[in-house]
Amino acid sequence: IGHNYSAKSDYPKALEYFHKALKIYVDIGNNKGIASVTNNLGIVYYNQSDYPDALEYYTDAIKIYDEFGDKQNMARVTGNIGNVYNDQHNYPKALEFFKKSLLINEEFGNKIGVATVTGNIGEVYQRQSNYQKALEYYFKALKIHEEIGDRHGVARVTGNIGNVYTKQRNYVMAMEYARKALK
């Protein structure tokens, strides 16, 4: 129910149901459930731009996932923390957490995670106007998205590449990548 309210952007209701779920998981001692709901609470706070609470819940979720060695979810939540710092324009911290997430994803072979986080790193460099590095990471992400057949990821990263070319005033390449992304 919390997920449904979150999808509708009814965050007060989403929080209400996620807190109910958290209490139940705590009462029955289900640490995996506690970690999952804690991450979901972080997502709801993040979606409301309540970054301090988002970071608190994400940090708690990582600690729990670490206790039982759930690397996949550790990588995802670490990436969520990178998103918080990226939105706050704290680019050194964003890169720190995205690179941690990237290493964890590479460690257990999660290609979609590697592709997503690689693209996120490209976005950080783009926001810093380091277009050379942005393109380097975007092209790495694009290659992986293509290899795994993730059309949504291919479109998103291709559009981002076009945006970098626009920033560089290379309008021919910008149009080429915008058309590819649209296609």
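The values are calculated or read from the model by the stated rules, or taken from the named source; none is laboratory data. All values derive from a computational prediction rather than experimental measurement. All Cβ positions, even for glycine, are placed from backbone atoms using ideal geometry, and neighbour counts span all protein chains on display. Areas reflect the complete protein model, heavy atoms only, side chains present, ligands, DNA and RNA absent. Shrake-Rupley method; radii C 1.70, N 1.55, O 1.52, S 1.80 Å.
Here are some notes:
- Between 50, 27, 70, the residue with the greatest mean-square fluctuation in the GNM of the chain (Cα pairs under 10 Å linked by springs) is 27.
- Here region 112-183 exposes an accessible surface that is 52 percent carbon and sulfur, computed with a 1.4 Å probe and the other protein chains kept in place.
- Based on protein heavy atoms only, region 30-183 ends up with 51 Å² per residue of surface accessible to a 1.4 Å probe.
- Between 0 and 90 degrees, the angle of helix 51-67 with respect to the longest Cα principal axis of the chain falls at about 70 degrees.
- Protection proxy ranking of 131-141, 99-109, by the mean of other Cβ atoms within 10 Å over each peptide's residues and highest first, is 131-141, 99-109.
- Taking the Cα atoms of region 39-134, the ratio Rg/Rh between the radius of gyration and the Kirkwood radius comes to 0.98.
- Exposure ranking of 173, 74 by accessible area [1.4 Å probe, largest first]: 173, 74
- Of the residues 85, 36, 25, the one whose Cα sits farthest toward the positive end of the charge dipole of the chain, with +1 on the Cβ of Lys and Arg and -1 on the Cβ of Asp and Glu, is 85.
- Of 43, 112, 148, the one that fluctuates the most in a GNM where the chain has Cα springs shorter than 10 Å: 148
- Helix 151-167 vs. the chain, principal-axis angle (Cα, 0 to 90°, nearest 10): 50
- Only DSSP H runs of four or more residues enter the estimate; each adds -39500 (n - 2.57), and after division by the residues of the chain the mean residue ellipticity at 222 nm equals -28000 deg cm²/dmol.
- Assigned charges on the beta-carbon of Lys, Arg, Asp, Glu; the chain dipole about Cα centre (debye): 740
- Among the protein heavy atoms of region 1-55, carbon and sulfur supply 53% of the accessible surface, probe 1.4 Å, non-protein parts ignored.
- Note on region 82-183: Cα Rg divided by 2.2 N^0.38 Å, N the number of residues, gives 1.04.
- By the rule of a C-alpha distance below 23 Å, with chain neighbours fewer than 8 residues away ignored, the lysines paired with residue 20 are 8, 32, 63.
- Degrees, to the nearest 10: 91-107 long Cα axis against longest axis of the chain: 80
- Answer label for Rg/Rh (Cα atoms, Kirkwood Rh) (calculated), chosen among (i) 1.03; (ii) 1.26; (iii) 1.08: (i)
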